[in-house]
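Below is one structure, written out as structure tokens, with a few remarks after it.
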Amino acid sequence: MKTAPASAGGSLIARLKERLRAGQAAMRDDFVATRDAARLLRLRCRLIDEILGELWDTLALPDSLALVAVGGYGRGELYPASDVDLLLLLPEVPNDRLTEKLEQLVCLFWDIGLETGHSVRTLEQCLEEAKSDITVQTSMIEARLLAGNRRLFEGFRTLLRGSLDGRAFFQAKQMEQGDRHQRFADTPYSLEANCKDGPGGLRDLQVILWIAQAAGYGHCWHDLEQRGFITTEEEGLLDQCEAFLRLLRVHLHLHAGRREDRLLFEYQTALAEQLGFTATDASRSSEQLMQRYYRTAKTVTQINNIVLQNIGVALLPPQEARAEAINERFQKKTSVLDVVDENVFTDTPEAILEAFLLRQQDADLLEMSARTQRALWRARVLIDDDFRRHAGNRARFLDILRQGRGLVLELRRMNQFGILGRYLPAFGRIVGQMQHDLFHVYTVDQHILQVVRNLRRFTMEEFAHEYPFCTRLISDFGNPWILYLAALFHDIAKGRGGDHSELGARDAEEFCAQHGLLPGDTELVVWLVRQHLLMSRVAQKQDISDPAVVAGFAAIVGDERHLIALYLLTVADIRGTSPKVWNAWKGQLLEQLFTATRRFLQSRDAPPMPDGVIVQRQREALRLMRYLVLPEAAHERLWQEVDTVYFLRQTAEEIAWHARTLHDCLDSERPLVKARLNPFGEGLEVMVYTHDQTDLFLRMVGFFSRAGYNIVDARIHTTRHGYALDTFILFDISDRDSDRAMISYLEHELAERLSHRAPVDIPATGRVSRQVRHFPLQPVVSIQPLVNLEADETGKLFVLTVVAADRPGLLFLIAKQLAEHHANLHTAKIATLGERVEDTFLISGAELEESAGRVRLESDLLQRLQI
């Protein structure tokens with residue numbers, strides 16, 4: 001790039017550079033005092049206008065040229081870190097001398113500290129570019145003369161207006177908006193939303209006004225209100241939404257110190273505090289900010305849809321289809337549901353819910369007409385206490401839940417229109433509510449609707465391949481709508497403080513009583529909401545091979561219908577939390593607990609004693625060994641060396657696998673490592689048999705971590721003759737998709753390291769995720785005696801529970817602390833929920849038998865777990 005000419009004078013550059021710096025600093029101070037975002041945008045435009053005007057005059061450019069502001073700068077909205085978009089408008093192609101002058105001008109822009117986006121075009125080139133590039137055409141619509149030839153500029157505007165085709169522009173901007181929304185997964189609910197380009201952001205507001213200008217309908221919200229495209233209420237809502245988004249974007253630019261439109265985790269808390277949000281016991285300030293943003297974006301998305309439909313009808317009137325009467329309120333036009341007039345909902349508020357019900361009942365009704373959607377959006381305010389008490393409305397809401405098709409689509413549409421939150425006020429409070437708990441990636445309302453969606457998919461033949469077991473269960477359940485209702489309420493009390501399960505159960509009980517549900521259905525819904533976390537906790541944190549655990553769970557469940565309902569809701573709930581949270585291992589644990597509990601409930605007898613379970617497992621293991629053509633007595637020596645707890649914690653298939661592997665090498669001096677693909681799901685199962693040694697678990701954790709694997713389950717046994725017999729389930733964290741190829745490596749390398757007592761492998765350290773770094777989770781550690789005499793023959797076992805933010809090497813850190821406190825590990829359940837871990841360990845050790853020793857271990861773990 002060429003440098004500025006000496007004739008421009010270094011003093012001019014220095015003076016304008018300082019003027020720009022001082023002016024922007026003064027604007028920032030003014031904004032801090034006034035919080036007036038619109039004023040800041042105007043002041044920055046005025047400052048840049050003056051500086052550019054002086055530069056233009058200094059260079060004495062030809063009178064035939066014009067300097068034009070375009071884009072946001074032309075509109076008069078220049079955010080603190082936005083580029084200054086300029087058009088250098090020429091009457092004809094420049095000669096070499098003029099080209100050099102223009103290059104000098106552009107150099108000066110940069111020399112004084114202006115970040116410009118500029119183009120140099122003749123009138124003809126402007127028209128050509130505008131015809132071929134909708135983005136260029138859009139930026140030119142908002143052109144504003146800064147300096148130079150006014151006649152040339154007016155000629156440019158006249159030619160541009162004459163070339164504008166309102167219909168074509170409308171269609172192009174609609175397609176452009178659709179593509180832009182698709183880049184953001186068509187949702188405004190991103191964890192790090194883009195407040196400019198994301199769905200529901202500032203760009204969606206600008207699109208409306210661009211189309212209105214191109215069609216000649218006006219330049220502001222009031223113009224659109226005067227023409228009947230929006231109501232006075234909607235004009236007010238648009239003003240509020242625009243003001244909030246402007247304020248947020250200005251704060252974001254100033255805080256980031258650069259052009260940044262993403263609400264990144266590292267900015268959210270600071271922005272929330274700057275905007276006046278204060279943390280409470282129930283929610284972080286960042287969660288309150290994001291809820292306000294999501295609700296604003298939801299409103300913008302809805303009004304954008306309605307206004308563009310209205311403008312679309314005006315620009316491209318649809319062909320009038322023959323109307324087929326449905327009833328006195330609705331009609332069908334081809335495949336579109338239409339109101340007979342836009343006052344239907346005002347005259348008959350009961351028709352609000354009927355509109356959604358009709359679409360469910362008629363598969364040919366694929367859409368709602370634009371005026372029906374407008375009328376529904378505007379009628380949402382009619383849903384009040386009288387509406388909610390109306391017996392017909394209550395019956396219609398239940399009918400919506402009971403329909404065999406279209407439930408999720410209509411619930412989502414009701415949520416988008418604000419109708420679901422008006423009918424269920426408790427649901428309205430959690431709309432847009434984000435949970436920075438490191439594993440939910442959806443707002444509470446979106447999560448609830450995802451859970452309903454998952455339950456509905458269990459009932460649909462086309463999705464039977466996804467979870468065939470769930471499909472079989474729900475097909476025989478009867479009244480699956482009871483599950484959908486429980487799903488609607490299971491998290492409805494989030495963010496209120498207190499136990500959301502208990503508070504949600506009270507809400508559900510009140511709803512059921514008001515809507516006249518049968519006592520049995522009411523009891524099941526309320527119980528499911530209250531206990532919706534139970535099955536997940538038991539499956540992932542307790543030893544579900546232990547009969548006493550199954551018996552305790554069965555005592556709470558009570559009967560098979562409650563068990564099936566809870567299982568289906570649990571699977572749907574976990575799958576609706578985050579794509580990262582569900583995996584085949586969790587599915588296996590839940591199914592194992594379900595099967596064991598169902599068998600227990602069907603027996604109708606007293607809980608089987610451990611000896612009975614042991615005998616059953618041994619018999620099943622022997623049957624499997626016969627298939628493997630093993631010698632009759634192959635198992636006897638191994639079984640003599642293990643205790644009864646071994647048979648309680650291992651499945652029959654694993655017992656047979658161990659016997660097959662170890663029957664002729666029980667006294668091996670060399671460590672034996674065997675790995676296989678997990679027969680019950682994804683990942684690998686690894687068996688390690690070796691002389692017990694100091695820090696054995698720590699060594700194996702370090703090795704597996706170095707090899708790129710996470711331990712999700714560990715069962716640790718010590719035989720009577722001093723050997724460790726340990727079984728692990730491993731998941732590949734490196735996404736290599738090469739478990740089978742890794743088997744021989746794991747078997748050889750781990751055996752070598754254990755044989756030579758190699759130094760402990762230290763896991764590679766990695767970065768803590770940004771979400772964990774900026775929304776740290778306070779770790780929780782507890783050590784409690786095991787309350788299960790059958791599983792604890794010595795009475796000296798303890799349950800260690802750790803809840804913490806996930807990070808590389810976390811399990812190694814815990815294992816190291818256990819080793820330093822001389823704690824022996826018996827089982828480990830590793831539950832990773834997104835960026836959060838909830839691990840449970842069964843441990844023993846002389847130091848733990850004294851309360852002071854347990855306190856020391858808890859304290860040391862808490863200290864090491866701090867991020």
*Quick one: if you stick a label point 7 Å off each Cα along the C-beta vector at ASP692 and GLN616, how many nm between them?*
3.0
*Classify the stretch 153-301 as rounded, prolate or oblate from the Cα gyration tensor: take a ≥ b ≥ c as the square roots of its eigenvalues, call it rounded if a/c is under 1.5, otherwise prolate when a/b beats b/c and oblate if not.*
prolate
*Would you mind calculating the relative contact order of the stretch 55-177 from Cα pairs under 8 angstrom and at least 6 residues apart, reporting the percent as a whole number?*
35
*Tell me, what is the per residue accessible area of the chain in Å², probe radius 1.4 Å?*
43
*Would you calculate the separation in nanometres between label points at GLN240 and HIS756, each defined as 7 Å from the Cα along the Cα-to-beta-carbon direction?*
7.1
_Relative contact order (%) - criterion: Cα under 8 Å, at least six apart; region: the chain_ = 7
*Tell me, what does the Kirkwood hydrodynamic radius of the stretch 287-326 come to in angstroms if you use every pair of distinct C-alpha atoms?*
12.8
*Does the stretch 451-606 come out rounded, prolate or oblate by the C-alpha gyration tensor, with a ≥ b ≥ c the root eigenvalues, rounded set by a/c under 1.5 and, if not, prolate when a/b is larger than b/c and oblate if not?*
rounded
*So, counting K/R as plus one and D/E as minus one, what does the shell of residues with Cβ under 11 Å around VAL313 add up to?*
+2
*Rg/Rg_globular for the stretch 1-147, with Rg_globular taken as 2.2 N^0.38 Å and Rg from C-alpha atoms*: 1.08
*For the stretch 548-649, which GluC sites (Glu not before Pro) are both in a DSSP coil and crowded by at most 11 other Cβ atoms within 10 Å?*
GLU632
*Mind running the shape call on the stretch 317-470? Use the C-alpha gyration tensor, a ≥ b ≥ c as the square roots of the eigenvalues: rounded below 1.5 for a/c, prolate if a/b tops b/c, oblate otherwise.*
oblate
*At a 1.4 Å probe radius, carbon and sulfur cover how many percent of the accessible area of the stretch 506-641?*
53
_Suppose the chain between GLN863 and THR232 were pulled fully straight at 0.36 nm per residue; how much longer would it get relative to their current alpha carbon spacing?_
221.4 nm
*Please compute P(r) over all alpha-carbon pairs of the stretch 56-137, binned at 5 Å starting from zero, and give each bin as a whole-number percent.*
3, 13, 23, 25, 19, 13, 4, 0
_Between GLU124 and GLN416, how high is the FRET efficiency from 1/(1 + (r/R0)^6) when r is the Cβ-Cβ distance and R₀ = 60 Å? Nearest 0.05._
0.85
*Do the alpha carbons of any pairs in LYS196/LYS298; LYS541/LYS816; LYS173/LYS332; LYS17/LYS101; LYS101/LYS196; LYS796/LYS816 sit beyond 24 Å of each other, and which pairs?*
LYS173/LYS332; LYS101/LYS196
*asked:* Calculate the FRET efficiency for HIS222 and ALA314 from the Cβ-Cβ distance with a Förster distance of 22 Å, rounded to the nearest 0.05.
replied: 0.80
_Rounded to whole Å, sorted largest first: equivalent-ellipsoid semi-axes of the stretch 473-529, Cα gyration tensor_ = 21, 13, 8
*So who's got an amide H within less than 5 Å of the one on PHE330, skipping anything under 5 residues away but keeping other chains? H placed 1.01 Å off N, in plane.*
VAL340
_At R0 = 60 Å, how high is the FRET efficiency between ASP341 and GLU54 if r is their beta carbon distance? Nearest 0.05 is fine._
0.50
*Proximal aspartates and glutamates relative to LYS586, as straight alpha-carbon distance under 14 Å, when same-chain residues fewer than 8 apart are discounted*: ASP543, ASP573, GLU682, ASP713, GLU838, ASP839
*asked:* Using 5 Å bins from zero, what percent of all Cα-Cα pairs in the stretch 400-477 falls into each bin?
replied: 3, 14, 21, 20, 16, 14, 11, 1
*Helix-only CD estimate at 222 nm, as mean residue ellipticity for the chain, using -39500 (n - 2.57) per DSSP H run (n ≥ 4)*: -17500 deg cm²/dmol
*Calculate what fraction, in whole %, of the accessible area of the stretch 232-301 sits on carbon and sulfur atoms when a 1.4 Å probe is rolled over the protein chains.*
44
*Once you list every other residue whose beta carbon is under 10 Å from the beta carbon of ALA819, what net charge do they have if Lys and Arg are +1 and Asp and Glu are -1?*
0
*Would you mind giving the three semi-axes, in whole Å and largest first, of the ellipsoid equivalent to the chain according to its Cα gyration tensor?*
61, 38, 23
_Environment charge at HIS532 (Cβ cut-off 9 Å; Lys +1, Arg +1, Asp -1, Glu -1)_ = -1
*Give, in nm to one decimal, the length gained when the segment between ASN479 and LYS580 is fully stretched (0.36 nm per residue of separation minus the Cα-Cα distance).*
33.3 nm
*asked:* With Kirkwood's inverse mean 1/r over C-alpha pairs for Rh, give me the Rg to Rh ratio of the stretch 801-867, two decimals please.
replied: 0.95
*ALA852 paired with ARG262, simple spin-label distance in nm, labels 7 Å along Cα-to-beta-carbon*: 5.2
*On each of the three principal axes of the Cα atoms of the stretch 218-275, give max minus min coordinate, whole Å, ordered largest first.*
43, 20, 14
*To the nearest Å, what is the center-to-center distance of the stretch 724-742 and the stretch 279-309, using C-alpha atoms only?*
43
*asked:* Skipping prolines and chain starts, which residues have an amide H placed within reach, meaning under 5 Å, of the one on LEU365, given they are 5 or more residues away or on another chain?
replied: none
*Using a 1.4 Å probe over the heavy atoms of the protein chains, calculate the carbon and sulfur portion of the accessible area of the stretch 34-89 as a whole percent.*
44
*Could you give the length gained on full extension between LEU601 and SER163, defined as 0.36 nm per residue of separation minus the Cα-Cα distance, in nm?*
150.0 nm
_Estimated D of the stretch 494-585 in µm² per second, where Rh is the Kirkwood radius over Cα pairs and Stokes-Einstein applies at 4 °C, 1.567 mPa s_ = 89
_For the stretch 232-371, average projected area of the Cα convex hull in nm²_ = 12.4
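The values are calculated or read from the model by the stated rules, or taken from the named source; none is laboratory data. Since the model is a prediction, treat every value here as computed from it, not as a measurement. Cβ coordinates were reconstructed from backbone atoms using ideal geometry, including for glycine residues, and neighbour counts include every protein chain displayed. Each accessible area value is taken on the protein alone, full model and side chains, heavy atoms only, with ligands, DNA and RNA left out. Shrake-Rupley method; radii C 1.70, N 1.55, O 1.52, S 1.80 Å.
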